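Written out below as structure tokens is the structure these notes cover.
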Amino acid sequence: MANADYETHEHDVLVIGAGGAGLRAAIEAAAQGVSVGLVCKSLLGKAHTVMAEGGIAAALGNVWPEDNWQVHFRDTMRGGKMLNNWRMAQLHAQEAPERVLELERWGALFDRTKDGRILQRDFGGHRYARLAHVGDRTGLEMIRTLQYHGIHQGIDVYMECKIERLLKDGERVSGAFGYWRETGKFVAFKAKAVVLATGGIGKAWKITSNSWEYTGDGHSLALWAGADLIDMEFVQFHPTGMVWPPSVRGILVTEGVRGDGGTLKNKDGARFMFNYIPEFFKGETADDEAEADRWYEDKRNNRRTPDLLPRDEVARAINTEVKAGRGSPHGGVFLDICTRRPADYIKKRLPSMYHQFKELADVDITKEPMEVGPTCHYVMGGVRVDADSTAATMPGLFAAGEVAGGMHGANRLGGNSLSDLLVFGRRAGLSAALYAKNRGGQLTLDAGQVEAVAHDLIAPFNRAHGENPYALQAELQETMQSLVGIIRTESELREALGKIERLKARAERVGVGGNRQYNPGWHTALDLRSLLTVAECCAAAALERKESRGGHTRDDHPYTDDQWAKVNVVQRLQNGVLQLRREPLPEMPAELRALFQERK
Amino acid sequence: MPTVTMRVFRGDATGGGFKDYHVEAEEGMVVLDVIHRIQATQANDLACRWNCKAGKCGSCSAEINGKPRLMCMTRMNLFRDGEAISVAPIRTFPIVKDLVTNVLYNYEKARAIPPLRLKPPEPDGTYRMMQEDIDRIQEFHKCIECFLCQDVCHVIRDHEELKKAFAGPRFFIKIAGLDMHPLDTVDRTEFVGREAGIGLCNITKCCTEVCPENIHITDNGIIPMKERMADNLDPVVRLIRRIRGMRKDRV
């Protein structure tokens, strides 16, 4: 089994991850005339982006001409409880419309307005209908468009290839090492610049909308190589995942259901969200049902329905209703669109949801309400990057999309993820290409580093009777679900950290059988390392932040704290030990601060 | 909880066979859940592809009791109690291991298709398209690339010698989507005939039957494409189009 041979490829820019951000980065880097490699853990076009449903947030102003980047910026910052990196939020709001139009030029066909422009839909936390969409399968349209544009740009695509470690030349990143999932053979990449676009960490929780791929690979690659992570305490639990039957628990139900008129109800039929409007959003949220319903048609004279408060607020509200015994039969709440919109409209606007409930839960959403509950969905925290260039804190490394931190602050607004992928994917590709062009000297592979990774990769085979990797993964998911979930408290976070420490030790003893050819047991064993790393980062940062804000709620510190409003929790490895610091947020310039003085 | 018998193909290019697994299945489970349970408890190295588990990514295609389906959208209660359920890799593509096949053929075909080239935009730099003009293409865009249509296509399945000059139903609707795009300027007639091999399709509709997205591949994609081909090669039609300035640029 000790076959440590490997093949070698060389590129100016290596992009790890082929969802929206990775594809957009690769396309941009290729446009700069450098050689680009694109690594995907699955087949091309199957990345997590394909599952995105609701839409891409961009202030195109097609439906509400009042919309502009300033309003989008303001919504994004307020949704993130003002903890966002202001510059990222600004660039995002400014550039998102052009990125959407660019997708259209590359073949994306969004739903249209009556005058033939891109239609936009309502979503949580957005003042105006802002999401460019295709029914409820926007992510599919986006990834397919990028995929089919990308394959004609001279990019070398490495499918079903998993990167295990970044390689370094001194303090600079100089490549990556991993394996082909199909054969189990090893592969080395020499690269002048590396872009991380690996997505999130949601597989660390039991109830999750995330697939097997979301094991925090990029977060861990960056951390292990010496880069900083920020905001890892902030995890978004999407308020509406399926809850029944058990095998589909966690599968996403798009916020578009509420954007298109659906409303949340408890078992008594009450629209309970009216009881959960926080002070921070009172000024912009309707406080009675009539105004909320009028808002869909007339945004000038009415305030937004509380069903479309930002996701953190809605997820907590559902959690409270269920705990108070007002939930649905299977431990969720009801999401009703059938009594509020005609069947044809529902099928046209939400075809995937219709299909999904019909096929998997025997529920006809045009006739019955859905049962929904919170599901782990997205991590706001990630690799600390420079806003303009997406450069991480070590030379040669860039990060874009969910793996990057800062853009969304303490909570991401729905629709801002797809736009984030495009805006910062492009910026990452551009910056990485420029960096690669200016980087002198030959790329060499350090034999010592390569051997160390190869040794680690093979290790699980030498313990054929070790612990079952799947069992360990399930224990970790159980731990994170029960102790580092929506509502957190110091004692439970300490307990979680203790358990993670013990799981880390046990992970060193997992064993796998079979051979290296397409062996999911082996892949799961290897992914445990990154999964445990991000779980520890999340729990440790959550313990540090002694307040409640966005996707981080502490039962023992239930309010936001002005002192904590000014700092990020920054994490870094030093001699193998996770270090944690508080660092001040970048300061927003006066002209942007002024945007928050206006109408609330 | 009832125990079910799953007859799963185990093997690789060198050979293999079906192996029975007895698994506990719970209410609401789909075939993919049961395969995952086998992986987690009995055969860690059982190979299968999956991602979204909600019929959106098209990764978990397999032949279940001989029928090409997505494992994630096939409910266990579809089968009779006590019946052994067979799960095999999709047969048309070379096996890698267990339920995983080599589907590179599809990626090569995708690459060969002449991409979209748009007309110039409106004076404001953007484009206008009416919903009714893109409804049909949006239907094609629902494709999740599960390649089940490619799996059942007789040309690909039974005629290795024809594969070189045949794209298959997935890519016929891809090409149809490009051709019907209101802003496209490329004439793919020759490509569709010579390289994509539309003429080899004899419209048995097997592709349409297995499409998990219920795309009308044959009626809305392939047949109109065959008709367009005939029109495009008709010298009279070509002359009229040239006079009216309606011709697309040839590849």
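How about segment A:1-118: which helices (runs of 4 or more DSSP H) wholly inside it have at least 1 residues that are farther than 28 Å from residue B:144 by Cβ and in contact with a Gly (Cβ under 6 Å, 6 or more places away or on another chain)?
Working: elements: A:20-31, A:69-79, A:86-105.
Result: A:69-79, A:86-105.
How many residues does segment A:205-230 hold that are acidic (Asp, Glu) and within 14 Å of chain B (Cβ to nearest Cβ)? Please lay out each step first, then the result.
Here is the first cut: in segment A:205-230, the residues acidic (Asp, Glu) are A:213, A:217, A:228.
This time we only want the ones that are within 14 Å of chain B (Cβ to nearest Cβ), so: A:213.
Residues flagged as acidic (Asp, Glu) and within 14 Å of chain B (Cβ to nearest Cβ) within segment A:205-230 amount to 1.
I'd like the full set of residues that are buried (at least 24 other Cβ atoms within 10 Å of the Cβ) and of a type in the set (A, V, I, L, M), limited to segment A:28-54.
A:29, A:36, A:38, A:39, A:47, A:50, A:51, A:52
Check A:280, A:272 and return the single one that is closer than 30 Å to residue A:296 by Cα and touching an Asp or Glu at 6+ places or on another chain (Cβ under 8 Å).
Values: A:280 fails: touching an Asp or Glu at 6+ places or on another chain (Cβ under 8 Å).
Just a single option satisfies the conditions, and that option is A:272.
Picking from B:72, B:52, which residue would you name as being part of a loop (DSSP other than H, G, I, E, B) and either surrounded by 19 or more Cβ atoms within 10 Å (Cβ to Cβ) or facing chain A (nearest Cβ under 10 Å) (or both)? Steps first, please.
Details: B:72 fails: part of a loop (DSSP other than H, G, I, E, B).
Of B:72, B:52, the one residue that is part of a loop (DSSP other than H, G, I, E, B) and either surrounded by 19 or more Cβ atoms within 10 Å (Cβ to Cβ) or facing chain A (nearest Cβ under 10 Å) (or both) is B:52.
Quickly run through segment A:358-401 and pick out the residues that are assigned to a loop (DSSP other than H, G, I, E, B) and either under 22 Å from residue A:273 (Cβ atoms) or of a type in the set (D, E, K, R) (or both). Please lay out each step first, then the result.
To start, the set of residues in segment A:358-401 that are assigned to a loop (DSSP other than H, G, I, E, B) comprises A:362-369, A:380-381, A:384-390, A:392-396, A:400.
Passing the criteria: A:362, A:363, A:364, A:365, A:367, A:368, A:369, A:384, A:386, A:388.
All but one of (1) within 14 Å of another protein chain (Cβ to nearest Cβ); (2) acidic (Asp, Glu); (3) in contact with an Asp or Glu (Cβ under 9 Å, 6 or more places away or on another chain) hold for residue A:156; state the number of the condition that does not hold.
The failed condition is (3).
Can you find, within segment B:123-135, the residue that is nearest to residue A:102 (Cα to Cα) among those that are surrounded by fewer than 16 Cβ atoms within 10 Å (Cβ to Cβ) and more than 7 Å from chain A (Cβ to nearest Cβ)?
By that ranking, first place goes to B:125.
Looking at segment A:488-500, is at least one residue under 27 Å from residue A:237 (Cβ atoms), within 21 Å of the chain's Cα centre (by Cα) and touching a residue at least 12 places away in the same chain (Cβ under 8 Å)? Reasoning before the result, please.
Just the residues of segment A:488-500 that are under 27 Å from residue A:237 (Cβ atoms), to begin with: A:488-500.
Next, only the ones that are within 21 Å of the chain's Cα centre (by Cα) stay: A:488.
Still in the list and also touching a residue at least 12 places away in the same chain (Cβ under 8 Å): A:488.
There is at least one residue in segment A:488-500 that is under 27 Å from residue A:237 (Cβ atoms), within 21 Å of the chain's Cα centre (by Cα) and touching a residue at least 12 places away in the same chain (Cβ under 8 Å).
For segment A:552-567, state whether one or more residues are more than 29 Å from residue A:284 (Cβ to Cβ) and either in a helix (DSSP H, G or I) or not small (Gly, Ala, Ser) (or both). Can you show your working first?
Pass one, segment A:552-567, residues more than 29 Å from residue A:284 (Cβ to Cβ): A:556.
Still in the running and either in a helix (DSSP H, G or I) or not small (Gly, Ala, Ser) (or both): A:556.
Yes, there is a match, as at least one residue in segment A:552-567 is more than 29 Å from residue A:284 (Cβ to Cβ) and either in a helix (DSSP H, G or I) or not small (Gly, Ala, Ser) (or both).
Could you list, in sequence order, all residues of segment B:198-220 that are surrounded by 20 or more Cβ atoms within 10 Å (Cβ to Cβ), part of a loop (DSSP other than H, G, I, E, B) and away from chain A (no Cβ under 14 Å)?
Hit for segment B:198-220 is B:201, nothing else.
Identify, by number, the condition in (1) in a helix (DSSP H, G or I); (2) under 23 Å from residue A:125 (Cβ atoms) that residue A:414 doesn't meet.
Among (1) in a helix (DSSP H, G or I); (2) under 23 Å from residue A:125 (Cβ atoms), residue A:414 violates only (1).
If residue B:113 meets every condition in (1) more than 7 Å from chain A (Cβ to nearest Cβ); (2) modelled with pLDDT under 95; (3) surrounded by 14 or more Cβ atoms within 10 Å (Cβ to Cβ) apart from one, which number is that one?
(2)
Are any of the residues in segment A:231-242 under 18 Å from residue A:41 (Cβ atoms), among the hydrophobic types (A, V, I, L, M, F, W, C) and away from chain B (no Cβ under 14 Å)?
First, the residues of segment A:231-242 that are under 18 Å from residue A:41 (Cβ atoms): none.
No.
Given the options B:158, B:184, B:179, B:135, name the one that is free of Cβ contacts under 8 Å to residues at least 40 places away in the same chain, closer than 22 Å to residue A:108 by Cα and not aliphatic (A, V, I, L, M).
Only one candidate qualifies: B:135.
Does residue A:466 satisfy the criteria of being over 30 Å from residue A:141 (Cβ atoms), within 14 Å of chain B (Cβ to nearest Cβ) and in contact with a Lys or Arg (Cβ under 8 Å, 6 or more places away or on another chain)?
Numbers: over 30 Å from residue A:141 (Cβ atoms): yes; within 14 Å of chain B (Cβ to nearest Cβ): yes; in contact with a Lys or Arg (Cβ under 8 Å, 6 or more places away or on another chain): yes.
Yes: the conditions hold for residue A:466.
Touching a Lys or Arg at 6+ places or on another chain (Cβ under 8 Å), surrounded by fewer than 21 Cβ atoms within 10 Å (Cβ to Cβ) and not assigned by TED's automatic domain parsing to the domain that holds residue A:211: is that true of residue A:324 in this structure? Break it down into steps so the answer makes sense when it comes.
Values: touching a Lys or Arg at 6+ places or on another chain (Cβ under 8 Å): no; surrounded by fewer than 21 Cβ atoms within 10 Å (Cβ to Cβ): yes; not assigned by TED's automatic domain parsing to the domain that holds residue A:211: yes.
No: the conditions fail for residue A:324.
Just checking, does segment A:31-50 include any residue being in contact with a helix residue (DSSP H, G or I) (Cβ under 8 Å, 6 or more places away or on another chain), within 30 Å of residue A:309 (Cβ to Cβ) and among the small types (Gly, Ala, Ser)?
Yes, there is a match, as at least one residue in segment A:31-50 is in contact with a helix residue (DSSP H, G or I) (Cβ under 8 Å, 6 or more places away or on another chain), within 30 Å of residue A:309 (Cβ to Cβ) and among the small types (Gly, Ala, Ser).
Of the residues A:570, A:534, A:512, which is assigned to a loop (DSSP other than H, G, I, E, B), surrounded by 19 or more Cβ atoms within 10 Å (Cβ to Cβ) and of a type in the set (A, V, I, L, M, F, W, C)?
Values: A:570 fails: assigned to a loop (DSSP other than H, G, I, E, B); A:534 fails: assigned to a loop (DSSP other than H, G, I, E, B).
Answer to the selection: A:512.
Can you go through A:68, A:3 and tell me which one is of a type in the set (S, T, N, Q), modelled with pLDDT under 95 and surrounded by fewer than 19 Cβ atoms within 10 Å (Cβ to Cβ)? Before the answer, list the steps.
Numbers: A:68 fails: modelled with pLDDT under 95.
Being of a type in the set (S, T, N, Q), modelled with pLDDT under 95 and surrounded by fewer than 19 Cβ atoms within 10 Å (Cβ to Cβ) holds for just one of A:68, A:3, which is A:3.
The values are calculated or read from the model by the stated rules, or taken from the named source; none is laboratory data. Since the structure is predicted, the reported quantities are computational estimates derived from the model, not experimental observations. Neighbour counts are summed over all protein chains in view; Cβ atoms, including those assigned to glycine, are modelled from backbone coordinates with ideal geometry.
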